[in-house]
Amino acid sequence: MPRLSDEPLIHPDCEVTECRFGRFVEIGRGARLGHVEMGDYSYCDRYADIANATVGKFANIASFSRIGPTDHPMQQASLHHFLYRSDDYWDDAGRDAAFFAHRLSRRAQIGHDTWIGHNAVVRPEVTIGHGAVVAAGAVVTKDVAPYMIVAGVPAVPLRERFAAPVAERLMALAWWDWDHATLRERLEDFRSLPIEAFLEKYE
């Protein structure tokens, strides 16, 4: 596999529409992304489906996950595409521009250093806080606090990844804003230091 670089590594069979990617980003085979901003070092694995989302740095998005799945109109007489993708069905009918604009406005927010597990779903307008973990198969319908682990359908808090004081210190440190050379310089400390020792060394 080629080394990651300033240019995104987009594997075969992807569908990418109006997206902006940071440095060292990787998009897995067969993924579909539309109207997504993805920060430095973030990636999604195979067949992830991400729409109308802002993804922070160092996000880890597993295969077959879905972020910001688009809705159907539930208040009208029908849910079907023919209401808003009408030009697919009739030559003299246009698309419902207001419906598509509303969809685009309902963005999911994924924080820095997050992990979205395999086959998880994050609904539109939901915020996943920095450092949070969404378990495999979870369906997230409400905001997730920073450094919280959630699981289930619908997802509920399982436990804290780190205690609140440690989480607050990590967010204040904001290591995800360190430059590439600094990350390399401190790589062994990321690997080996317990979290408290890491914070004490770099705060």
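The values are calculated or read from the model by the stated rules, or taken from the named source; none is laboratory data. Since we're looking at a predicted model, the values are computed, not measured. Here the Cβ is made from the backbone with ideal geometry for all residues, glycine too, and neighbour counts use every protein chain on show. Heavy atoms of the whole protein, side chains included, go into the accessibility calculation; ligands, DNA and RNA do not. Shrake-Rupley method; radii C 1.70, N 1.55, O 1.52, S 1.80 Å.
Antiparallel beta bridges, as assigned by DSSP with both residues in region 114-203, represent about 35 percent of the total such bridges.
Taking the Cα of R20, stepping 7 Å toward and past its beta carbon, and measuring to each backbone N in region 107-126: which are under 16 Å? Counting backbone N atoms under 16 Å from the label point, the list is 107-110.
Rolling a 1.4 Å probe over the protein heavy atoms of the chain, with every protein chain left in place, gives an accessible area that is 53 percent carbon and sulfur. Whole-percent P(r), region 2-42, all Cα pairs, 5 Å bins from 0: 7, 25, 33, 28, 6, 0.
When the Gaussian network model of the chain links Cα atoms closer than 10 Å, the mean-square fluctuations of D143, D40, D88 top out at D88. In angstrom, the C-alpha Rg and Dmax of region 45-91 are 15.4, 45.
When the Cα centres of region 14-34 and region 118-193 are compared, how far apart do they sit, in Å? After rounding, the separation between the Cα centres reads 21 Å.
Label-to-label distance for L9 and L79 is 3.9 nm, based on points extended 7 Å past Cα in the beta-carbon direction. The eigenvalues of the Cα gyration tensor, multiplied by 5 and square-rooted, give region 16-118 an equivalent ellipsoid with semi-axes of 30, 13, 12 Å from largest to smallest.
Within the chain, what percent of beta bridges assigned by DSSP are antiparallel, to the nearest 5? Of the beta bridges lying entirely in the chain, close to 10 percent run antiparallel. Of the three principal axes defined by the Cα atoms of region 89-203, the extents in descending order read 66, 33, 22 Å.
Computed over protein heavy atoms with a 1.4 Å probe, the accessible surface of the chain works out to 56 Å² per residue. Among the trypsin sites (Lys or Arg not before Pro) in region 1-38, those placed in a DSSP loop whose Cβ has at most 12 other Cβ atoms within 10 Å are R3. Structural size metrics of region 66-131, computed from C-alpha coordinates, are Rg and Dmax of 15.5, 49 Å.
Our estimate of slack between E203 and V153, defined as 0.36 nm per intervening residue step minus the Cα-Cα distance, is 14.2 nm. Binning all Cα-Cα separations of region 114-154 at 5 Å, short to long from zero, yields these whole-percent fractions: 7, 30, 37, 24, 1.
In whole percents, the pair-distance distribution calculated for the chain from its alpha-carbon pairs, binned every 5 Å from zero, is 2, 7, 13, 18, 16, 15, 13, 7, 4, 2, 2, 1, 0, 0. Per-residue accessible area (protein heavy atoms, 1.4 Å probe) orders H102, H130 as H102, H130, starting from the largest.
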